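**Student:** Structure in structure tokens, see below.
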Amino acid sequence: MTMLEIARSRPVVPVIEINNAGDAVPLARALIAGGIDVIEVTFRTEAAAAAIAAIRKEVPDMLVGAGTVVTKDQVTRALDLGVAFGVAPGLNPDTIEAFTKAKVPFMPGIATASEIEGALAIGCRMLKFFPAEASGGVAMLKALSGPYASLGVRFCPTGGVNPGNMLEYLSLPIVATIGGSWVATKQHIADGDWDGITARAAEALAQAAKAV
Ligand code: 3PG
């Protein structure tokens, strides 16, 4: 599957920061129970690698990606873990080259026209628009659609996306999917709020289904 195919088939990507790898499997099961079968586990905590490994082993229906893949070491670890995709907040050609070589889809982050063109030049069209709200939000994406939609560029806005604005983003033709932490925040996970996570996952998908 390409990054675009992953994004198009999954309108909401939970972005996860997890402190205790023991929470990974119940978290993944809670998301699946709410209908979400994709997860971006960010390399922002020590527990991330063990969490990814546990979900891959115990919840095979979950498509597990690594997020916040920034350093060389994180690139190696993500690929060694056998992630289904990788995501970064920014655009690093070395990272993209490593994922491309390994034939693993990768979604770099961009926030400007120049960065989009940098991504296009190295073959990336499915881009994380980050931090979405702080970078101009829906208005910025509408403006970027003019020059880039016809070139096949599609976005996953992330950063400040929430139940109140997700539909506005998903209704833009240039938006393939959205990402965010609200479905399962650090606190929800630490609290073991699995029912709440299932409910928010289901609600997010119900909202996404309304996008035209
Ligand atoms: C990310 O890295 O994608 C963001 O930190 C998620 O942003 P959010 O917490 O505002 O959803």
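Computed from the coordinates by the stated procedures, all read-outs in this text should not be read as laboratory data. What you see is a predicted model; the values in this text were computed from it and never measured. Counting neighbours? That spans all protein chains shown, and the Cβs are built from the backbone with ideal geometry, glycine included.
**Student:** State log₁₀ I(q)/I(0) for the chain at q = 0.10, 0.15 Å⁻¹ as given by the Debye formula over alpha-carbon point scatterers of equal weight, solvent excluded.
**Tutor:** Relative scattering, expressed as log10 I(q)/I(0), comes to -0.38, -0.88.
**Student:** Could you grab the relative contact order for segment 1-73? Cα pairs under 8 Å, six or more apart, rounded to a whole percent.
**Tutor:** Numbers: 102 pairs, mean separation 24.3, N = 73.
Computed value for segment 1-73: 33 percent relative contact order.
**Student:** Right, next: Once you charge only the Cβ atoms, +1 for Lys and Arg and -1 for Asp and Glu, what is the size of the charge dipole of the chain about its Cα centre, to the nearest 20 debye? Mind dumping the intermediate values first?
**Tutor:** Details: 17 positive and 20 negative charges, 95 e Å.
I would put it at about 460 debye.
**Student:** I would also like to ask the following. Give the total of Lys-Lys pairs in the chain with Cα-Cα distances below 28 Å; include a pair only if its members are 8 or more places apart or on different chains.
**Tutor:** Taking the chain as the scope, the lysine pair count is 16.
**Student:** At 222 nm, what value in deg cm²/dmol follows for the chain if DSSP H runs of at least 4 each add -39500 (n - 2.57) and the sum is divided by all its residues, to the nearest 500? It would help to have the intermediate numbers written out before the result.
**Tutor:** Values: 10 runs with 93 residues, N = 212.
Dividing the helical sum by the residues of the chain leaves -12500 deg cm²/dmol.
**Student:** Just need the relative contact order of the chain here, percent rounded to a whole number, with Cα pairs under 8 Å and 6+ apart.
**Tutor:** Details: 404 pairs, mean separation 51.7, N = 212.
Worked out over the chain, it gives 24 percent.
**Student:** Oh, and also: Answer with one residue from ALA119, PHE43, ASN165: the one whose Cα lies farthest towards the positive end of the charge dipole of the chain, charges on Cβ with Lys, Arg +1 and Asp, Glu -1.
**Tutor:** Among ALA119, PHE43, ASN165, the one farthest towards the positive end of the dipole of the chain is ALA119.
**Student:** How much net charge surrounds ASN19 when only other residues with a Cβ under 15 Å from its Cβ are counted (Lys, Arg +1; Asp, Glu -1)? Don't skip to the end; give the middle numbers.
**Tutor:** Details: positive: ARG44, LYS186; negative: GLU17, ASP23, GLU46, ASP191, ASP193.
Result for the local shell: -3.
**Student:** Which helices of the chain meet both criteria: a Cα extent of 18 Å or more along the helical axis and a mean Kyte-Doolittle score no lower than -0.5, with helices taken as whole DSSP H segments? Don't skip to the end; give the middle numbers.
**Tutor:** Details: long enough: 194-208 (21 Å, 0.14).
Once both thresholds are applied, what remains is 194-208.
**Student:** Would you mind pulling out the separation of the Cα centroids of segment 175-196 and segment 8-80, in Å?
**Tutor:** Cα centroid to Cα centroid, the span is 12 Å.
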